[in-house]
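J.: Sharing a structure, written as structure tokens. Questions coming.
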Amino acid sequence: MKALILVGGYGTRLRPLTLSRPKPLVEFANKPMLLHQIEALVEAGTTHVVLAVSYHADALESEMAQEAQRLGITITFSHETEPLGTAGPLALARDVLQQDEDDQEPFFVLNSDVICDFPFQAMLDFHRNHGKEGTIVVTRVDEPSKYGVVIYHPESGQIDKFVEKPQEFVSNKINAGLYMFSPKMLSRIQLRPTSIEKEVFPVMASEGQLHCMELDGFWMDVGQPKDYLTGMCMYLKSIKDKHPQQLQTGPHIVGNVLIDPSAKIGTHCRIGPNVIIGPNVVIEDGVCMKRTTLMKGSRIQSHTWLDSCIVGWRCQVGRWVRMENVSVLGEDVIVKDELYVNGGKVLPHKSIGVSVMEPQIIM
Amino acid sequence: MSPSACPGLKAVILIAGPMKGTRFRPLSLDVPKPLFPVAGLPLIQHHIEALSQVDQMREILILGFYPNHEMNDFVQDMNHQYKAVTVKYLQEYTALGTAGGIYHFRDRIMSGNPEAFFVLNGDICADFPLHEMIAFHQASALPDVMTTILATEATKPQSLNYGCVVEDKHTHQMLHYVEKPNSYISSQINCGVYVFSPEIFQVLADKYQQRQRRSETPDTEEPESMWIERDILSHMVTIGRGQVFSTTNWWSQIKTAGSVIYANRHYLKLFAQSHPERLYRATDTQTIGNVFVHPSASIHPTAVMGPNVSIGPNVIIGKGTRISESIILADTSIGDHSLIKHAVLGMSTRVGHWTRIEGTPNDPNPNKAFAKMDNLPLFSQEGKLNPSVTVIGCNVVVPSEVIVLNSIVLPHKQIRHSFKNEIIL
């Protein structure tokens, strides 16, 4: 079985982290974001993953080659020479997705920034069961007016229509960015910039060829820092429910906390709730942190307080620092002692010596 | 001649009263401003200490209209600590102005016939050059000098906020005096420290009579009220009996609550030279620069203090807490891993763990010679609170993990979340 992941462009929304690594390789819960998807796909029987990207990144290609070997699958790249939107890449990768006229095996298509309990096996079963060209996964949101909502038949799941940013309540289910298609659907798409959501799905729905299934559990598009942190909390809760033994316990741990075994934690700390600590991180004595991800190799010095932060690779945060309000440190950033960082986005290799009082980008 | 037979010197410290110094709120809501501790000592104790070291100083009279009971303990304590002088508090029945109070208590000041007397404003801080001033007064080239005024250099724009003095550069005779002029007169400013000869009372008596006759007093003022700045100094210019003593020593006014942080730093620096034993030298605690810790305070060995910190009686500082450029008043406790910077914490305040209390210093412009502190108004022209030292009133509870930044918290308040650039009533 095959899958296409819409990786897209530079991941500018997740800067400054994506200035150092291609977005698919930025870790979420100590694992590159893309691997969460690929591993779940492999588990559901996928043997060939196509990454649709609009740029060349050697780091991404070599790392994916290694992962392909480890997982025993094929990973290929489909490079767009011009941005093709969310549908165009399917046309570009058509030869892989449908190997010949008789190939009727359905394939997955995924938006790359989505984190959830991937229901790939259920999608496959559901898709085979209704027998139409497409299946999309929908998820429930609290404020549907910010999204395009999906209106569908509650029993069959057949989609009636899509409503962009509804003014009045019509549905609270939105497209979750996870699809399964039969190869027949590829004939609908030409090799030009096309939006799958706006140009392809409405037509398929009107022809009764599109069904949807509802997602169980959490869902988040983690393509920007604020949502990354929200998604982290959801992910940790899901681990708590399913694999509680993976979470850290101990006298200085509060709530759901995931710590790489190679990390070192000092005394008199309070870690959590909702903290993820990467490999080789060092946390000195008397540190308090919540709702924060620390990437590989960072050091947090004594008496520092962190809330809602993403600390990039090999950063050093000084003593008595207070960082909060979705502060993001790029790779190898140094924050001097006693500073206050309020919503600062700090570019890589920067050393900051004065407080950041209001949310801003530190070049 | 035995010391007691010598006429000797006296001094008057002018402290005004509770309805003055409102810019010092909320600190003055709990402690009378003259008794606010700076570098561990009540503000005017620094005056008293400097005065007590002047040869032939006999008696120091504190003049103001605070109720007696607010000053009694302090006065008793001063008499206990400085045995060479007598310290008394004289309560004015009402605000009489800087000179009116002196005239009202003329008999008390002149009893024992002092040769001369100092007058010091209470709301200043300085490395007071009192020996030099009295020597200058006594050996004056000016015949029958009646007033020596201490002056210091300010920047041109800042001089407009002070009394401006012009002197003859050779004889040091005071040639001109204007209080807060509208346009630039001189960058020499009045420090609020004077030496007067006893003849000054004749001048005051004449002024007093004049005022009674002309009934020129505005309705809002007591008929008895007179001002050194308005009624004496320009008259000294007219009769040619005033002289100017200039100093380059550290000097500043204390008007706003924020200025105590600046004063604290400088008084601690003076202690490092004059009384190094007063500074904190714990072997088990890390301190940076000059720190004063009251002996009854308890500081965890992992806390890091300094520079320029004063910790009052019975204060408790927890594990790994960091304090710099701050004053912590009596009976306050601070939890673990917290940070206090450019802040004043009132009495009996409780601060949690991982709490951050931070202000913005309003120090004099370091790039300008003779710059003084700018006593900024609370609010900018846009109506926003000007960033300044954070001041927490007495008996306030600041919970764990919040930040209080550039804010003023009035007494007896339970804070529940973070505050930035706010006044919390």
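J.: Leaving ligands and nucleic acids out of the surface, order B:252, A:355 by accessible area at 1.4 Å, largest first.
T.: Largest accessible area first, the residues go A:355, B:252.
J.: Given the C-alpha centroids of the stretch B:100-132 and the stretch A:29-89, what is the distance between them in whole angstrom?
T.: Between the Cα centres of the stretch B:100-132 and the stretch A:29-89 lies a distance of 86 Å.
J.: Would you calculate a helix-derived [θ] at 222 nm for chain A, using -39,500 (n - 2.57) for each DSSP H run of n ≥ 4 and dividing by the full residue count, to the nearest 500?
T.: Counting only the DSSP helices, I get -5500 deg cm²/dmol.
J.: For the stretch A:256-305, list whatever residues lose no less than 30 Å² of accessible surface once every protein chain is in place, relative to that chain by itself, with the probe at 1.4 Å.
T.: Output list: A:268, A:270, A:303, A:305.
J.: When chain B is modelled as a GNM with alpha-carbon springs shorter than 10 Å, which of B:355, B:248, B:302 fluctuates the most?
T.: B:248
J.: Turning to a different aspect of this structure: So which residue, out of A:70, A:21, A:322, gets the largest mean-square fluctuation from a GNM of chain A using Cα contacts under 10 Å as springs?
T.: Of A:70, A:21, A:322, the most mobile in the Gaussian network model is A:70.
J.: List the residues, sorted by chain then number, that are 5 or more residues from residue B:404 or on another chain and whose placed amide H is less than 5 Å from its amide H.
T.: The answer is B:356, B:357, B:358, B:419.
J.: Quick one: which residues, 5+ away or cross-chain, put their amide H under 5 Å from the amide H of residue A:263? H built at 1.01 Å from N.
T.: A:280, A:281
J.: Would you kindly calculate the translational diffusion coefficient of the stretch B:279-420, applying Stokes-Einstein with the Kirkwood radius from alpha carbon pairs, for 20 °C and a viscosity of 1.002 mPa s, and quote it in µm² s⁻¹ without decimals?
T.: Value of D from the Cα-based Kirkwood radius: 139 µm²/s.
J.: Quick one: if you take sqrt(5λ) for each eigenvalue of the C-alpha gyration tensor of the protein assembly as shown, what semi-axes come out, biggest first, whole angstrom?
T.: 76, 26, 22
J.: Just to confirm my numbers, what's the Cα centroid distance between the stretch A:306-361 and the stretch B:346-424 in Å?
T.: First find each Cα centre; the distance between them is then 23 Å.
J.: Above 17 angstrom, tally the Cα pairs of the stretch B:88-136 and express them as a % of all pairs, no decimals.
T.: The proportion of pairs with Cα distances above 17 Å equals 47 percent.
J.: Using all C-alpha to C-alpha distances in the stretch A:2-221, build P(r) with 5 Å bins and read off the rounded percent in each one.
T.: Distribution as computed: 1, 7, 15, 19, 21, 18, 11, 6, 2, 0 percent.
J.: Can you give the calculated 222 nm mean residue ellipticity of chain B, where each DSSP H run of n ≥ 4 adds -39,500 (n - 2.57) and the sum is split over every residue, rounded to the nearest 500 deg cm²/dmol?
T.: Mean residue ellipticity at 222 nm (helix-derived): -6000 deg cm²/dmol.
J.: How large is the accessible surface per residue of the stretch A:227-361, computed with a 1.4 Å probe and reported in Å² as a whole number?
T.: Ligands and nucleic acids excluded, the result is 38 Å² per residue.
J.: Report relative contact order for the stretch A:227-361 in percent, whole number only (criteria: Cα-Cα under 8 Å, sequence separation at least 6).
T.: 13 percent
J.: Could you list the chymotrypsin sites (Phe, Trp or Tyr not before Pro) in the stretch B:34-116 that lie in coil according to DSSP, counting only those with at most 12 other Cβ atoms within 10 Å of their Cβ?
T.: Sparse-neighbourhood loop chymotrypsin sites (Phe, Trp or Tyr not before Pro): B:93.
J.: Label the stretch B:50-111 by shape, choosing from rounded, prolate and oblate, from the square roots a ≥ b ≥ c of the eigenvalues of the Cα gyration tensor; if a/c is under 1.5 it is rounded, and otherwise prolate applies when a/b is larger than b/c, oblate when it is not.
T.: The shape class here is oblate.
J.: Follow-up. With chain A treated as a Gaussian network of Cα nodes joined by springs under 10 Å, which of A:83, A:166, A:202 yields the largest mean-square fluctuation?
T.: A:166
J.: Is the stretch B:9-253 best put as rounded, prolate or oblate by its Cα gyration tensor, with a ≥ b ≥ c the root eigenvalues, rounded for a/c under 1.5, and otherwise prolate when a/b is larger than b/c, oblate when not?
T.: Rounded shape, in that the Cα axes give a/c under 1.5.
J.: Classify the stretch A:242-282 as rounded, prolate or oblate from the Cα gyration tensor: take a ≥ b ≥ c as the square roots of its eigenvalues, call it rounded if a/c is under 1.5, otherwise prolate when a/b beats b/c and oblate if not.
T.: Because a/c hits 1.5 or more and a/b fails to exceed b/c, the stretch A:242-282 counts as oblate.
J.: If you wrap a convex hull around the alpha carbons of the stretch B:186-333, what volume per residue comes out, as a whole number of Å³?
T.: Measuring per residue, one finds 183 Å³ for the Cα hull of the stretch B:186-333.
J.: Over chain A, what relative contact order in percent results from Cα pairs under 8 Å that are six or more residues apart?
T.: 13 percent
J.: Counting C-alpha atoms alone, how compact is the stretch B:100-233: give Rg to one decimal and Dmax as a whole number, in angstrom.
T.: When restricted to Cα atoms, the stretch B:100-233 yields Rg and Dmax of 15.6, 44 Å.
J.: Another question about this same structure. Would you give the gap between the C-alpha center of the stretch B:291-340 and the C-alpha center of the stretch B:139-164, rounded to a whole Å?
T.: 40 Å
J.: Largest first and to the nearest Å, give the Cα extent of the stretch A:229-321 along each principal axis.
T.: 36, 25, 22
J.: Beyond 26 Å, what share of the Cα-Cα pairs of the stretch A:1-124 is found? Please give it as a whole percent.
T.: Beyond 26 Å sits 15 percent of the P(r) for the stretch A:1-124.
J.: Across chain B, what fraction of all alpha-carbon pairs, as a whole percent, falls in each successive 20 Å bin from zero upward?
T.: Calculated over all Cα pairs of chain B, the distribution is 25, 55, 19, 1 percent.
J.: Quote the relative contact order of the stretch B:9-253 in percent (integer), defining contacts as alpha-carbon pairs under 8 Å separated by 6+ residues.
T.: The normalised contact order for the stretch B:9-253 reaches 23 percent.
The values are calculated or read from the model by the stated rules, or taken from the named source; none is laboratory data. This structure is a prediction, so every number in the text was calculated from the model and none was measured. Glycine gets a Cβ as well: all are built from the backbone with ideal geometry, and neighbour counts include every protein chain shown. Only protein heavy atoms, including side chains, enter the accessible area calculation; ligands, DNA and RNA are left aside. Shrake-Rupley method; radii C 1.70, N 1.55, O 1.52, S 1.80 Å.
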